[in-house]
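Some notes on the structure that comes next.
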Amino acid sequence: MPKVSVNAPKTPVTEDSNGLAAATLPNVCKMPGPPAPFVPTPLPNIGKSGTSPKNYSKSVTIEGKKVAIRGATFGSMGDVASKGTGGGVVSSNVEGPTSFVGPGSMDVKIEGKNVQLLGDPMLNNCGPSGSPANAATMMGLIQANGLVTTVTGEEPCPLCGEKHGALAETDEEGSGTRPDASALASKLKSMLVEKKHGLTTMLGVVHCKCGTRKYADHSSTTLSEFHGVVKGLGGEWDAPKSELSLDDINDKKDKAKIAKANEASTASTTRVRENLLNRCHDSDQVLEVKMRWAMATHLSDTSYQNRNKKPTPAAAYPPGFCAAQKVLVFVWDSKAYPGALTEQWFSKSESPTLAPIEFRNAAGEKKTERFDHGKSVPPCKTCSSIVPLMLCPGKGQEEQCPHTQG
C-alpha cells in the first residue's frame, strides 16, 4: 500500500495499492434458464487495481510500482456462472476490465496525465475494449462551491454512446435552478400552512437548455395543489396537472381515496418507464432501458429491506418515484431539452431526508449523509442508474429546445 499522498489525504492507485471497486449498480448477467434463453440476474463484480493493469505509467513509479493515470484500466473478479450464456447483458463479459470515470487529480500529473486516486468512480465489467460497461461505481457530485452535479457527463451515454455533457444545478445571481427551487419551496410551505396540511417530498426544478422555460415536479405522486403553486410563480413555469389532492393522500380511512392514490402512483411510475422505452430507437436501447430499470428495482428493494439497519444504508427509491426522473419526463413531454437541474429536500416540519444519500465530494471522496430541509440533494442510487438515460436525445440528434428567445 503506497504511503505517498496526492491532494492529501487522497492516495494514488498503483499496482500495489490493493484498490477495490465493487460495482454499485448491479452487474446484470445472463444466467442460464429456464425460462429460455437466459435469466437476467445481478451478480457481483469487483475490480482489483493490481490485476492485469493496463495503460499505467511507463517510466514513473511510486515505491517501485507503476501508477494508474488517465486512461488506465485494471482487471476484475466476477461470477463466471453466466459465461456460457453470454456474461454481462451489456458488455457480454464476466470479468471484464474496470476503468476510471472520475478525472483523478486535476493538478498532479505523471507523464502528462492526471493521477487516478483511490475512491475515484469506476465503470465495472466492461467489454474487451474497455466499453460498454456492464455495471458502474458512480454517484452524484457535490462541487467545491456546494452545487450538485447529478450527471457528470464524463462517461458515454448508455444508449447512443455519445457524450451529452453534465447535468448540474445553477446558482446565478438572481436566477438559477437552486434559488428557483427555494422560491418554490417557500410558496409550497405557505400553501400547506394555509390548508393545514403537512408534506415531506423532494422538489425537482429544471431549466430548459435555452433558459426560457422552468419545469417542476415532486417525488411520489404529483398533487393538484402543487401544480397551482408552480403556475403561481410566473408564466415561464409549468408542472404536470393532477387530479390527486392533499385530502386524497392524507385520508387513511376512505378506501376510495386510498385506491385513487395507489392508482395514481402506479400510473406515475408507468409514465416514466414508458417514456424511456418510447424514445428508444432499436432493440439494444430497449434492452438497456429494461436492464437499468431492473437494476434500479433491485437496488430499491434491497434499500427497503435494509431500511432499519444501523447505520441506515444509502437511499435507492423505486424507479419512477423520484423528482428528477418525473420532472425530466415532463420536460421531454413539453418538447424541451434539460439544461440544469436541482433536487431540493422539502419537509414542512423541517426534518432531514428519511435516508442518507451517497455522493462524492469535490475531493472525490465517497460520502453518505442525510440532508436538511431546503438543501440541494445529490441523486439516490436509483437516479444514478436511470437519469443518464434521460439525457439522450438520440444518436446524432441535437440537444436543443424549440423555444425562441424573447
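Only one of the listed residues (ALA316, ALA323, ALA296) is closer than 21 Å to PRO379 by Cβ, in the same structural domain as THR200 (by TED's automatic domain parsing), in contact with a Cys (Cβ under 8 Å, 6 or more places away or on another chain) and surrounded by 19 or more Cβ atoms within 10 Å (Cβ to Cβ). That residue is ALA316. Inside region 322-369, residues that are over 22 Å from SER268 (Cβ atoms) and acidic (Asp, Glu) make up a count of 4.
Every test in (1) touching an Asp or Glu at 6+ places or on another chain (Cβ under 6 Å); (2) in a loop (DSSP other than H, G, I, E, B); (3) over 18 Å from ALA181 (Cα atoms) is passed by HIS373 save one, and that test is (3). Residue pairs whose Cβ atoms lie under 6 Å apart, separated by 6 or more positions or on different chains, with the first residue in region 172-188 and at pLDDT 95 or above and the second in a helix (DSSP H, G or I), are LYS187/VAL229; LEU188/VAL229. Residues that are buried (at least 18 other Cβ atoms within 10 Å of the Cβ), basic (Lys, Arg) and over 29 Å from GLU243 (Cβ atoms) within region 254-293 comprise just one, ARG292.
Please pick out the residue among ALA340, ALA363 that is in a loop (DSSP other than H, G, I, E, B), of a type in the set (A, V, I, L, M) and more than 29 Å from ASP301 (Cβ to Cβ). Just a single option satisfies the conditions, and that option is ALA363. Would it be correct to say that GLY102 is at pLDDT 80 or above and within 18 Å of the chain's Cα centre (by Cα)? The answer is no for GLY102.
Among the residues of region 152-168, is there at least one that is in contact with a Leu (Cβ under 7 Å, 6 or more places away or on another chain), of a type in the set (Val, Ile, Thr) and not assigned by TED's automatic domain parsing to the domain that holds PHE100? Yes, the conditions are met somewhere in region 152-168. There is at least one residue in region 344-360 that is buried (at least 21 other Cβ atoms within 10 Å of the Cβ), among the hydrophobic types (A, V, I, L, M, F, W, C) and under 25 Å from TRP237 (Cβ atoms).
The values are calculated or read from the model by the stated rules, or taken from the named source; none is laboratory data. Because the structure is predicted, anything quoted here is derived from the model rather than measured. Using ideal geometry, Cβ is built from the backbone for each residue, glycine included, and neighbour counts are taken over all protein chains shown.
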